[in-house]
1. Among (1) assigned to a helix (DSSP H, G or I); (2) away from the ligand (no atom under 16 Å from the Cβ), there is one condition D346 misses while meeting the rest; what is its number?
2. Hey, does region 60-69 have a residue that's touching a Ser or Thr at 6+ places or on another chain (Cβ under 8 Å), open to solvent by 20 Å² or more (accessible area, probe 1.4 Å), over 18 Å from A323 (Cα atoms) and touching a residue at least 12 places away in the same chain (Cβ under 8 Å)?
3. In this structure, does P220 turn out to be within 21 Å of the chain's Cα centre (by Cα) and open to solvent by 30 Å² or more (accessible area, probe 1.4 Å)?
4. Could you tell me which residue of region 352-365 is farthest from the ligand (Cβ to nearest atom), considering only residues that are assigned to a helix (DSSP H, G or I) and open to solvent by less than 100 Å² (accessible area, probe 1.4 Å)?
5. Name the pairs: first residue in region 126-155 and farther than 16 Å from A210 by Cβ and open to solvent by 70 Å² or more (accessible area, probe 1.4 Å), second residue assigned to a helix (DSSP H, G or I) and among the acidic types (D, E), Cβ to Cβ under 9 Å, at least 6 apart or on different chains?
6. Tell me which of these V186 doesn't satisfy, since it passes every other one: (1) free of Cβ contacts under 8 Å to residues at least 12 places away in the same chain; (2) within 14 Å of the ligand (Cβ to nearest atom).
Amino acid sequence: MDFQLNEEQQQLRHTVREFAEREIAPNVMKWDEAGEFPMDTIKQLGRLGLLGVIFPTEYGGAGMGYVEYVTAIEELSRIDGSVGIIVAAHTSLCSNHIFVAGNEEQRRKYIPKLATGEFIGAWGLTEPSSGSDAGSARMTAVRKKDCWVLNGTKTFCTNGHYADVLVVIAVTDRTAHTHGLSAFIVEKGTKGFRPGKKENKLGLRASDTAELIFEDCCIPAQNLLGKEDDGFIDAMRVLDGGRISIAALSLGMAQGAYDVALKYSKQRKQFGKPISDFQAIQWKLADMATEIDAARLLTLRAASMKDAGLKTTLESSMAKLYASEIAVRCANESVQIHGGYGFIKDYPAEKFYRDVKLCTIGEGTSEIQRMVIARQLLKD
Ligand SMILES: Cc1cc2nc3c(=O)[nH]c(=O)nc-3n(C[C@H](O)[C@H](O)[C@H](O)COP(=O)(O)OP(=O)(O)OC[C@H]3O[C@@H](n4cnc5c(N)ncnc54)[C@H](O)[C@@H]3O)c2cc1C
């Protein structure tokens, strides 16, 4: 077994870290406080090939794999989880759904533009009355001659207001429950579709979380993505990859929270010595570093299995569950190590504390991850 990134992967980590520290770090609090979507930075990431890391070069991607992708998401999220989630929803949800379920024409039409950042992507599965129970979606798609007519509302859609292309899941056969859902590609500006409420959030405030409203929205028949009624099954496949990216998002924020706590603990003096001299603080740092390492190993295992073409339902959920829960703990301890300054917006600890909570909720809550894991364990 080899626990090291290869030279190319290390170079990628270095490049993304430098970019994040130079281009993102100085703006983090400005974007957060204004709830400002960092469009210029996202476009820059597109030009650098970081919006299409997992797609082959013939589709405009970087031709790399999930190990490189999670490395990039981790480094972006170490500085700003908002940028991390924007890239994650764009890449492993929207673009990847088109890549894995789309026909050649759809792949050629959308992936190059998504991979280079010409288009921003979003993915809408959740509805106001169906979150964890995503199979109970109500939005409908009815075939009328050469188009599909979409009616309904999606909620909590990352990038929804800024997306040029969206993948949404709708009911095509009400009697068949999860076997009666289909996926559709919707382009921005299509008549009958509009983004609705922009959510005002606890954290990840520079990312966009939108309601999507469909009222007799006619989309061309060829925008059906994958086979009719296979939308839910494809969405679950997409989430196997998506959950690895949420593990990486968690990992990046956990690492960021740890890094600032370590630095602060060496600088802050109480009782005549740096607080890092106190065993109580050392044990917190030791626990954080150990948990972060374990989360990284789980995340990279799932990523490398994905790159090897293996099924990762179990490993993706384990990585997502563990990384998100330790990230919440690390962000909490980071605030604690900062004392009162951890509660103040001049220090980055408070933002990690707010941002990281999404990771135990998005793309399946911790409770749902435990259900997925248990189901896999009890299968045989
Ligand atoms: C910032 C943000 C971004 C998001 N981005 C997207 C996106 O881009 N696309 C998208 O489709 N969705 C997105 N979501 C939605 C997210 O995936 C859902 O919020 C999540 O799946 C939980 O659904 P819910 O909010 O309806 O909670 P609910 O399903 O109502 O859950 C409420 C509570 O009940 C628990 N619960 C539910 N069922 C069970 C059960 N069977 N056993 C035990 N406990 C259970 C849950 O774990 C949770 O604790 C986003 C959400 C947020 C907050």
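1. (1)
2. The answer is yes, given that some residue of region 60-69 is touching a Ser or Thr at 6+ places or on another chain (Cβ under 8 Å), open to solvent by 20 Å² or more (accessible area, probe 1.4 Å), over 18 Å from A323 (Cα atoms) and touching a residue at least 12 places away in the same chain (Cβ under 8 Å).
3. Spelling it out, it is not the case that P220 is within 21 Å of the chain's Cα centre (by Cα) and open to solvent by 30 Å² or more (accessible area, probe 1.4 Å).
4. F352
5. That search, which allows pairs on different chains as well, returns S132/E367.
6. All conditions are met except number (1).
Yes/no matrix, rows are residues, columns are (1) touching a residue at least 40 places away in the same chain (Cβ under 8 Å); (2) acidic (D, E); (3) open to solvent by less than 20 Å² (accessible area, probe 1.4 Å):
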| residue | (1), (2), (3) |
| --- | --- |
| R194 | no, no, no |
| A206 | yes, no, yes |
| L225 | yes, no, yes |
| G231 | yes, no, yes |
| L239 | yes, no, yes |
| G252 | yes, no, yes |
| A257 | yes, no, yes |
| R268 | yes, no, no |
| A280 | no, no, no |
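Every residue, every condition in (1) aromatic (F, W, Y); (2) under 16 Å from the mean Cα position of the chain (by Cα); (3) away from the ligand (no atom under 16 Å from the Cβ); (4) within 30 Å of K266 (Cα to Cα), yes or no:
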residue	(1), (2), (3), (4)
A289	no, no, yes, yes
A327	no, yes, no, yes
S334	no, no, yes, yes
Y341	yes, no, yes, yes
E350	no, no, yes, yes
E367	no, no, no, no
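The values are calculated or read from the model by the stated rules, or taken from the named source; none is laboratory data. The structure displayed is predicted, hence computed values, not measured ones. In this analysis, Cβ positions are derived from the backbone assuming ideal geometry, glycine residues included, and neighbour counts consider all displayed protein chains. We work out accessible area using only protein heavy atoms, side chains counted, and drop any ligands, DNA or RNA first. Shrake-Rupley method; radii C 1.70, N 1.55, O 1.52, S 1.80 Å.
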